[in-house]
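Trainee: This is the structure, below, for whatever I ask next.
The values are calculated or read from the model by the stated rules, or taken from the named source; none is laboratory data. None of these values were measured; they are calculated from a predicted model. Heads up, the Cβs are rebuilt from the backbone with ideal geometry, glycines too, and the neighbour counts pull from every protein chain shown.
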Amino acid sequence: MRRDNHKVHPRRRQWSIQPARSGVATVWLIVSFPAMLAALHLVLEVGWMHRTRSELQIAVNGAALAGARVWGTGGTNNATLRSLAKSASSEILASHPISGDTPLSAVSANDNPASTNNNEACPGSILLGSFTAAVFSAGIPPDSADERACRVSITIDVDSPFGLGSRTFVATATAAWDSANVKAHLVTVETFTCL
């Protein structure tokens, strides 16, 4: 028999508490994993949509600037020059695939040399017109080179790479020629008319 002042502690079982905690963590992991995957999927989809919208806007901006530059620097306003301006816009669009592989080469130049400003239809994907005081008029021939403007408006459907169907993206840009600075620049249109 032991008579010293030291108390003897019974041995505790070390495994009794640990398995219960690891079981709860495993259950939480199993329950939350689908939610984490869904959140990741949503973040990827939103990121892809933002990138695709940006790519389309960059292509449309470039096409509008190219059309305005060719039409503004070409001299005499005639059907051949307007066709060249529309071709320049179409070439820029064709050189910018959207979302990695969706080509914009199928976009119509909307070119009819017999029509005012060569616009076959209004509204159309590529329009030439007059721009003054924040008003773009596709049906009015510009009085001077400084009023020459190109408006590009594209609507495309792109399939989601994440299997969530097709998304529709829209982008519009208008550029006008500035002979004082010898360059085309993007402008804000408050009123758009086909007349």
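Trainee: Which residue out of Leu29, Leu56, Leu44 is touching a His at 6+ places or on another chain (Cβ under 9 Å), of a type outside the set (Val, Ile, Thr) and part of a helix (DSSP H, G or I)?
Mentor: On inspection, the qualifying residue turns out to be Leu56.
Trainee: Suppose the filter is modelled with pLDDT under 90, assigned to a strand (DSSP E or B) and either among the charged types (D, E, K, R) or more than 20 Å from Phe192 (Cα to Cα) (or both); does Val107 pass it?
Mentor: Taking the combined requirement at face value, the residue does not satisfy it.
Trainee: If I go through region 147-171 residue by residue, how many of them are farther than 17 Å from Glu55 by Cβ, in contact (Cβ under 8 Å) with a residue 60 or more places away in the chain and among the charged types (D, E, K, R)?
Mentor: 2
Trainee: Based on this model, can you work out whether Thr80 counts as modelled with pLDDT of 90 or more and assigned to a helix (DSSP H, G or I)?
Mentor: Taking the combined requirement at face value, the residue satisfies it.
Trainee: Give the residue that is farthest from Ala133 (Cα to Cα), with candidates limited to residues of region 163-195 that are in contact with a Phe, Trp or Tyr (Cβ under 7 Å, 6 or more places away or on another chain) and of a type in the set (Phe, Trp, Tyr).
Mentor: If we take residues in region 163-195 being in contact with a Phe, Trp or Tyr (Cβ under 7 Å, 6 or more places away or on another chain) and of a type in the set (Phe, Trp, Tyr), then Trp177 is farthest from Ala133 (Cα to Cα).
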